[in-house]
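Bear in mind these aren't lab numbers, they're just calculated from the coordinates by the rules spelled out. Keep in mind that what you see is a predicted model, and the values were worked out from it rather than measured. Cβ atoms come from the backbone with ideal geometry, glycine included; neighbour counts cover every protein chain shown.
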Amino acid sequence: MSFQESKSRMLWRAVLVGVALVGASCEPVAEGDVRVTMSGGDGTQRGYPSHLFQDGWSVQFTKYLVSLGDFTLTSATGEKRTSGEHVLVDVQKGDIPLTELKGLAAGRWSVGFRVSPPREDTRLPDGGVSAEDLAMMRERGYSYWVEGVAVKGGVGVYTFRMGFPVDARMVDCVNGVDGTLGLVVPESSVAEAEVTIHAEHMFYDRLGTHRGVELRFDAFAATADMERVITPEGLAGQRLLDLRGLDGGELKDGEGRPVVYEPGAYTVRTLQEFVTQSIVDQAHLNGGGVCTVAH
């Protein structure tokens, strides 16, 4: 074999190797989709019976509006996929489809989203929210608006219409199904991502923990107006260092001890501020998966 023939054969082999490498790098990446829904679970849809409350109230919601958007998935390589839309939904009416992200690389992705007041482009996907409610929440800066009734034997029936101005980015959500971070996008299939609202947070009597909390409503009822309606303005008048009961005197529990709301490391002065802080992290992933709050 001549030197020229040998050189030509070596060049030809190099071309074949290069073609093989290019072919390997162009193999299709396995992909899947993520379907995003929202749920208030039994709490918003069926309410809370009296045995769950330390002070014997029962609560039933008739409306539970939540404003959120910017659902974002981040892969292990740093790739981000975001649904930029913002929605206002009523989770009291049931589970609601929000969006779907398609064509994601199969594998693990972290999950984040933002709970914030309605914007100019906020959408009403379920048809169960009025334009008037959207305008009101946008004007007052509320991301949550709840309505319903509370009942206590020997006391009566109270109505509440309450709004809370939460604006928080939820990141690094744990999956409530298996306790792992985020979710796994399956190859040629669909992963479910449910934003689950834990409405009981608004009745907690301490901040910064889910342990050892009691659900209470006496302090809410004591802020009602003459028509027995509880409003944000009423909650703002209930001072944590001077809690008043229905009789106008010091708020005490069934055993005659002063009721205390524990703020932990947070600076809150009124019941309105306390509840707003308490519900900041009530949006979870797939049931009980807790998210980190990043304002």
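So the values come out like this:
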read-out: Taking 167, 70 and counting other C-beta atoms within 10 Å, the order from fewest to most; value: 167, 70
read-out: Nearby lysines by direct alpha-carbon distance to residue 93 (threshold 18 angstrom, same-chain neighbours under 8 apart not counted); value: 63
read-out: Cβ-Cβ FRET estimate between residue 265 and residue 242, R0 fixed at 30 Å, reported to 0.05; value: 0.90
read-out: ³J(HN,Hα), Karplus 6.51/-1.76/1.60, whole Hz, each residue of the stretch 137-153, x for Gly, Pro; value: 5, 5, 5, 8, x, 8, 9, 10, 9, 10, 9, x, 10, 10, 10, 9, x
read-out: Least to most buried among 276, 37 (fewest other Cβ within 10 Å first); value: 37, 276
read-out: Spatially proximal lysines relative to residue 80 (Cα-Cα < 16 Å; intrachain offsets below 8 disregarded); value: 102
read-out: Relative contact order (%) - the chain, alpha-carbon pairs under 8 angstrom, separation at least six; value: 21
read-out: 3J(HN,Hα) from dihedral phi, the stretch 178-192, Karplus parametrisation 6.51/-1.76/1.60, rounded to Hz, x for glycine, proline; value: 10, x, 8, 7, x, 8, 10, 7, x, 5, 6, 8, 10, 9, 9
read-out: 284, 210, 51 arranged by Cβ crowding within 10 Å, fewest neighbours leading; value: 51, 210, 284
